[in-house]
Amino acid sequence: MARLPRRILATIILAGPCLAAAAPPPQVASCAACHGANGLGNATAGFPALAGLPAPYIEQQLYSFKHGSRINAIMTGIATSLTSAQRTVIGQYYAALKVPPIPEPNPLPTGPGATLALNGAWNHQLTGLPSCASCHGPYGIGVGAQFPRFAGQPKQYLAAQLTDWQKHSRKNDPLHLMCNVAGKLSNTQIEAVAAYYAALAANPTALPKPGAVKEAK
């Protein structure tokens, strides 16, 4: 194989890191102010992490903000001007961002929030509350494009979304699943389950074994 001239080779070596780290697309410039340049959100302010969420889910939320099935003054203002192609670019960008892997807390959170998240609240009734894990996966890591990650999201954000589902000010859920579930929750249950998921690792190095959290008595 022919050798490259030293000058060209040196240029490639020096430019390599810059070429590898692609600049964010211009469509995400307004997103970074709240959701962070790394897409990991702002827990103190209650802004959720977008990094690692499925691209179709992010696109759907932007569409919902634009068309009124999800309401937020800031997000509606941003999403209204976005085209379908721009929503796709934003979704793909954040989906590709890495979420740092960290261990789950030890010991794991317990109490009413953990019980509701992992076991639901049936109370021997057919119309009880299913567990959050039955749709959103073990310890809230998310399942597919319709059931996003809860783990590691800000407590303030999670509680606000459950309240919005409850009040039907957010209504972009498939088959109205979340509206039905949230409508059965008390304010105390909302706070408890939001606190539980906020305490978990967004990208756990290993999932706890089944049964690691027992139902609270």
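The values are calculated or read from the model by the stated rules, or taken from the named source; none is laboratory data. What you see is a predicted model; the values in this text were computed from it and never measured. Here Cβ is always computed from backbone atoms with ideal geometry, including for glycine, and neighbour counts include all displayed protein chains. Please note that ligands, DNA and RNA were not included when accessible areas were found on the heavy atoms of the full protein model with its side chains. Shrake-Rupley method; radii C 1.70, N 1.55, O 1.52, S 1.80 Å.
What the table below lists for this structure:
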{"item": "Approximate spin-label separation LYS209-ALA145, in nm, with each point projected 7 Å along Cα-to-Cβ", "result": "3.8"}
{"item": "Protein-only accessible surface order, largest first, of CYS34, CYS179 at 1.4 Å", "result": "CYS34, CYS179"}
{"item": "Residues of the range 165-185 with amide N under 20 Å of the 7 Å Cα→Cβ point at ASN123", "result": "166-167, 178-185"}
{"item": "Charge dipole (debye, nearest 20) of the chain; +1 at Cβ of Lys and Arg, -1 at Cβ of Asp and Glu", "result": "460"}
{"item": "Leading residue at positive end of dipole, the chain (Cβ point charges), from ALA96, LEU118, CYS34", "result": "ALA96"}
{"item": "Span-rule helices in the chain, defined as complete DSSP H runs reaching 20 Å or more along the axis (Cα) with Kyte mean at least 0.5", "result": "6-20"}
{"item": "Candidates per trypsin sites (Lys or Arg not before Pro) in the range 40-125, loop by DSSP, up to 16 other Cβ within 10 Å", "result": "LYS98"}
{"item": "Of ASN172, ALA51, TYR197, farthest towards positive along the dipole that unit charges on Lys, Arg, Asp, Glu beta carbons give the chain", "result": "ALA51"}
{"item": "Rg/Rg_ref, the chain, where Rg_ref = 2.2 N^0.38 Å and atoms are Cα", "result": "1.21"}
{"item": "Per-residue [θ]222 nm for the chain (sum of -39500 (n - 2.57) over DSSP H runs n ≥ 4, rounded to 500)", "result": "-13000 deg cm²/dmol"}
{"item": "Added length on full extension, which subtracts the Cα-Cα distance from 0.36 nm per residue, ASN106 to SER134", "result": "7.8 nm"}
